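Let me begin by presenting the structure, written as structure tokens, before commenting on it.
The values are calculated or read from the model by the stated rules, or taken from the named source; none is laboratory data. Since the structure is predicted, the reported quantities are computational estimates derived from the model, not experimental observations. Glycine also receives a Cβ, built like all others from the backbone with ideal geometry; neighbour counts cover every protein chain displayed. Ligands, DNA and RNA are excluded from the accessible area calculation, which covers all protein heavy atoms including side chains. Shrake-Rupley method; radii C 1.70, N 1.55, O 1.52, S 1.80 Å.
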Amino acid sequence: MSPKPPATPRKQPKQERSQVTVEAILSATAHILTENGYNQLTTNRVAERAGVSIGSLYQYFPNKEALIFALAEQHANEMVQLAKQHLEGLSDRTIPEVLRQIIKAALAAHAVNPKLHRVLHEQIPHSEVMKRLDQAKIENLLQSFLAQRSDQLRPKNLELAVFMVERTIRALIHGAMIDHPELLKTGELEQELTLMLSAYLVKK
């Protein structure tokens, strides 16, 4: 059995011209993926769409899998950066207030190119990199914040509580994106999710 081809980029762009080339390639990858689907994505089509030679593409990306991996990582980083803007200066807030900000951050992050986000999660195995980055950010924040308020918490197992809250937020937002995207705009999902998780976390 032949070894699995590498899914990581061949080299990183250093010069501005190289960065522009890589950005054009990833933009073309995103366009083809969202408009035509994973099965229609090929390195030749990406190179043609990006306006570069196939040789130039292969300098950075050895195969289709490497393109997907890089695109998923770029998208995840964009989501994390946006989430960080919502999660600053929360140390003196109440648990419900912080939950609301975390939910706002998750909603804002998932609003970054939702069509691409959906395709990556539903069709592409390498979108696991995106899940890891997104999940780690929320879990780290929750773990740190709730550990300082253990006397206010109803659950005794902090690790389990963090896991349940993070997975609930992620699952419901993903579900809304797929089945009820209108809920992401009204604020009602944000409000109800905050109430539900506050009831679970906060000691009466």
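What does the charge dipole of the stretch 144-204 about its Cα centre add up to, to the nearest 20 debye, if the Cβ of each Lys and Arg holds +1 and the Cβ of each Asp and Glu holds -1?
380 debye
With every protein chain kept in the model, how would you rank Thr42, Thr186, Thr34 by accessible area, 1.4 Å probe, largest at the top?
Listed by decreasing accessible area, they come as Thr186, Thr42, Thr34.
Leaving ligands and nucleic acids out of the surface, order Lys115, Lys104, Lys156, Lys204 by accessible area at 1.4 Å, largest first.
Lys204, Lys156, Lys115, Lys104
Full extension from Ile54 to Gln40: what is 0.36 nm times the residue separation minus their Cα-Cα distance, to one decimal in nm?
Net length gain for the segment: 3.4 nm.
Could you order Ser91, Ser53 so the one with the most accessible surface comes first? Probe is 1.4 Å.
Largest accessible area first, the list is Ser91, Ser53.
Which entries of Lys104/Lys204; Lys84/Lys156; Lys156/Lys204; Lys156/Lys203; Lys115/Lys185 have Cα-Cα distances beyond 20 Å here?
Lys104/Lys204; Lys84/Lys156
Could you work out the equivalent-ellipsoid semi-axes for the stretch 42-93, taking the square root of 5 times each eigenvalue of the Cα gyration tensor, largest first, in whole Å?
36, 10, 8
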